[in-house]
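The values are calculated or read from the model by the stated rules, or taken from the named source; none is laboratory data. Just so you know, these numbers come straight off a predicted model, no measurement behind them. Heads up, the Cβs are rebuilt from the backbone with ideal geometry, glycines too, and the neighbour counts pull from every protein chain shown.
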Amino acid sequence: MGCELRDRTLGVIGLGGIGRKLVSLLQEFGMRQPVAFDPFVPASVLEELGIRGVSLNELLTTVDFVSVHCPLTEQTRGLIGADEIAKMKPDSYLLYTARGGIVAERALFGDLQAKRIAGAALDCFEDEPVIQPHRFSALDNVILAPHAIAWIAELFRDIGRTACQSMLDPWQGKRPTGVLNPELIQRASFRAKWSRITGISEESLA
């Protein structure tokens, strides 16, 4: 038998934009207070979001759903290995939609095969793209997606809109949305070049 979300606890590993959105989406399902492990998020932010900050060990040993959302870095590679998976409750689920390499697939496969944890939903893999039947596909307690859950019509519509708007904004004297290096806009050399190309005064650049 399955279970519903009501009275269950969500544990988020990596509380960036996606992790926070997940918590927000699940607020109306009657779950217990969510917990998160993210050493880079201040306690004040966790309190504001209504999330309890915990250690990785406490998260793994107490929650019903472990959802991985941290980026893949040298620090997070192999973050969830055999020892960590072994700490999960027998009736818990692993939701893995981040980047391949954070969770040790071999260890996860063994525990799922032995029914050591209830199940997993995977949207990323150590080797991508997956071009042959994956070993996880032989298990009945796994949901697999080809790292393409977000590939929907609305996503590509919005990507096109954002790309076009980012080209129009500078010509209208606006700062493009999503600039990764906003300090560049304050440089005199950039502002002079921007003004020369667009014909708009430097002071108009917001």
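Computed quantities for the displayed model
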{"item": "Every pair of residues 6+ apart whose Cβ atoms lie under 8 Å, when the first sits in the range 173-191 and is assigned by TED's automatic domain parsing to the domain that holds Arg161 while the second is assigned to a loop (DSSP other than H, G, I, E, B) and surrounded by fewer than 10 Cβ atoms within 10 Å (Cβ to Cβ)", "result": "Gly173/Ala206; Lys174/Ala206; Arg175/Ala206"}
{"item": "The listed residue being aliphatic (A, V, I, L, M) and touching a Gly at 6+ places or on another chain (Cβ under 9 Å), out of Leu10, Leu46, Leu26", "result": "Leu46"}
{"item": "Residues being surrounded by fewer than 18 Cβ atoms within 10 Å (Cβ to Cβ), aliphatic (A, V, I, L, M), in the same structural domain as Thr73 (by TED's automatic domain parsing) and within 14 Å of Ser67 (Cα to Cα) - total across the range 2-53", "result": "3"}
{"item": "Exclusive hit being β-branched (Val, Ile, Thr) and touching a Pro at 6+ places or on another chain (Cβ under 7 Å), set Ile152, Ile197, Ile117, Ile131", "result": "Ile117"}
{"item": "Close pairs from the range 122-139: first touching a residue at least 40 places away in the same chain (Cβ under 8 Å) and of a type in the set (Ser, Thr, Tyr), partner loosely packed, with under 12 Cβ neighbours inside 10 Å and in a loop (DSSP other than H, G, I, E, B), Cβ under 6 Å, at least 6 apart", "result": "none"}
{"item": "Tally, over the range 148-172, of residues that are among the aromatic types (Phe, Trp, Tyr) and either exposed (fewer than 10 other Cβ atoms within 10 Å of the Cβ) or touching a residue at least 24 places away in the same chain (Cβ under 8 Å) (or both)", "result": "1"}
{"item": "Candidates Thr76, Thr62, filtered to the one that is of a type outside the set (Asp, Glu), touching a Cys at 6+ places or on another chain (Cβ under 6 Å), in the same structural domain as Gly101 (by TED's automatic domain parsing) and modelled with pLDDT of 95 or more", "result": "Thr76"}
{"item": "Condition check for Lys193: farther than 22 Å from Ile18 by Cβ, among the charged types (D, E, K, R) and assigned to a loop (DSSP other than H, G, I, E, B)", "result": "no"}
{"item": "Single unsatisfied condition, Ile117 versus (1) assigned to a loop (DSSP other than H, G, I, E, B); (2) of a type in the set (A, V, I, L, M); (3) under 19 Å from the mean Cα position of the chain (by Cα)", "result": "(3)"}
{"item": "Pick from the range 196-206, criterion part of a loop (DSSP other than H, G, I, E, B) and touching a residue at least 12 places away in the same chain (Cβ under 8 Å), ranking: farthest from Leu122 (Cα to Cα)", "result": "Ile200"}
{"item": "Filtered residue count, the range 6-19, keeping only those that are touching a strand residue (DSSP E or B) at 6+ places or on another chain (Cβ under 8 Å) and at negative phi", "result": "8"}
{"item": "Enumerated strands (runs of 3 or more DSSP E) restricted to the range 1-99, each holding at least 2 residues that are without any contact (Cβ under 8 Å) to a residue 40 or more places away in the chain", "result": "35-37, 93-96"}
{"item": "The listed residue being closer than 17 Å to Ile80 by Cα, modelled with pLDDT of 90 or more and not assigned by TED's automatic domain parsing to the domain that holds Thr177, out of Leu112, Leu139", "result": "Leu112"}
{"item": "Test: Ser24 is among the polar types (S, T, N, Q), in contact with a Leu (Cβ under 9 Å, 6 or more places away or on another chain) and more than 16 Å from Tyr93 (Cα to Cα)", "result": "yes"}
